[in-house]
Structures are given as C-alpha cells and as structure tokens.
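Heads up: the structure comes next, in structure tokens.
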Amino acid sequence: MSNIVKIQQLQSVVDDETFNLIKKEFAGCNIYIPKNHNEEHPDRKVRNEGIREDYYKGLDVPNLSVKYNLSKSHIYKILEKG
C-alpha cells in the first residue's frame, strides 16, 4: 500500500477553499505529514529531551510510550542516543 495520497483523496477531506489554497501555495511540491505528529511535542529534539528527562526521573518505557504516543522500540532508540 502506498503512502502517496491522490489529489482526489485530499480534495474529499477538505473544503473547496482550503483545497484551492493548498493548490496555490504548494503546486508542484511534495508535502510530508509525519504519522506521529503531536501538537504537544512538535519539535523532536525538545520531545526527545523530555523523554530522557522523564526516564531519568523514573518513568518507565511503557509509560513513556503512552505519554509520547511512540512505540517502545522508538523510545529505546531515543534513550540510546542520549
């Protein structure tokens, strides 16, 4: 299954005004929307620092996974890099 969204799919989920604005502003561009984008943690570096801080304060990996909406394996990778 491809992660490329057809323009018709995009048009079906936004109103006409928004769709036309997207076309005008981003014509010819590829737009990447992260799967796990989180409004509470938009900056990965800051998020990862928070994960490490919470871990050193005693929060375990399963709870970090829930808090930050990431897989446990991803949490471990972040902790390894710290």
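General remarks:
- Unsatisfied cross-links (Cα-Cα over 26 Å) in the set K6/K72; K6/K45; K23/K67; K57/K77: K6/K72; K6/K45; K23/K67
- Computed E for N30/S71 - FRET, C-beta separation, R0 25 angstrom, nearest 0.05: 0.45
- Pairwise Cα inverse-distance average, inverted: Kirkwood Rh of the chain (Å): 15.4
All of the numbers you see were taken from the coordinates with simple rules; none came from a lab. Everything numeric here is computed off the predicted structure, so don't read it as measured data. Heads up, the Cβs are rebuilt from the backbone with ideal geometry, glycines too, and the neighbour counts pull from every protein chain shown.
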